Amino acid sequence: MDTKQTCSECGAVLDGDMTCESCFHQMLFWENENAANWAVHHLMVLCYYLQHPTLYSQDGVTVGKGLLTAFVKEGRSPAEMREANRDRVNSKNRNWKITARPDDKGSYANPVIWRMYAADVVRGGEPQYLDNVRSWAKSMYEDLVATNNI
Ligand SMILES: [Zn+2]
């Protein structure tokens with residue numbers, strides 16, 4: 001029997017015993033297995049977290065949206081963003097946390113209906129990994145703009 005379930009956080013329709021977390025681990029595996037896939041690691045982690053914003057603090061969501069905009073809209077590289085954010089992200093200067101705490105979990109001002117999920121990247125298979133992660137990031141940026149969250 002073909003059982004389907006839905007991720008309670010991002011709304012992805014999942015097959016069998018698939019979870020968004022198992023998809024995250026599959027994508028990390030593909031990056032470790034094939035070094036070329038590492039090129040989109042920054043986008044993959046960002047997309048996974050932004051699609052599950054309770055993994056972030058509220059400040060983390062704000063920073064994550066800024067990074068997604070920089071990568072997708074402005075075409076900036078991870079190295080450029082590390083340099084640009086060096087002072088802000090430096091833990092000595094930082095008075096906020098990126099990851100969620102029990103009393104500080106990220107969310108969006110407006111509900112988002114995503115068009116593409118981690119599961120879609122995994123279903124696309126390893127040969128399409130680079131293209132699919134880039135499409136995932138682009139679609140997520142557009143979905144956040146369309147819902148007035150960016
Ligand atoms: Zn999910």
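A short reminder: the numbers here are calculations on the coordinates, not readings from a lab. Keep in mind that this is a model prediction, so the values were computed, not measured. Note that each Cβ is placed from the backbone with ideal geometry, even for glycine, and that neighbours are counted across all protein chains shown.
In the set (1) buried (at least 19 other Cβ atoms within 10 Å of the Cβ); (2) more than 17 Å from CYS7 (Cβ to Cβ), LEU50 fails one condition alone, (2).
Looking across the stretch 1-17, the residues that are within 13 Å of the ligand (Cβ to nearest atom), touching a residue at least 12 places away in the same chain (Cβ under 8 Å), surrounded by fewer than 15 Cβ atoms within 10 Å (Cβ to Cβ) and in a loop (DSSP other than H, G, I, E, B) come down to GLU9, GLY11. Checked against (1) in contact with a Cys (Cβ under 9 Å, 6 or more places away or on another chain); (2) loosely packed, with under 15 Cβ neighbours inside 10 Å, ALA118 passes all but condition (2).
Among the residues of the stretch 18-55, those identified as within 14 Å of the ligand (Cβ to nearest atom) and not in a helix (DSSP H, G or I) are MET18, THR19, HIS52. If the condition is being among the charged types (D, E, K, R), exposed (fewer than 14 other Cβ atoms within 10 Å of the Cβ) and under 17 Å from the mean Cα position of the chain (by Cα), then the stretch 18-40 contributes only GLU21. In the set VAL45, VAL40, VAL63, only one residue is closer than 20 Å to THR147 by Cβ and among the aliphatic types (A, V, I, L, M); that residue is VAL63.
Would you check if there is a residue in the stretch 130-137 being closer than 19 Å to CYS20 by Cα, polar (S, T, N, Q) and buried (at least 19 other Cβ atoms within 10 Å of the Cβ)? Within the stretch 130-137, one or more residues are closer than 19 Å to CYS20 by Cα, polar (S, T, N, Q) and buried (at least 19 other Cβ atoms within 10 Å of the Cβ).
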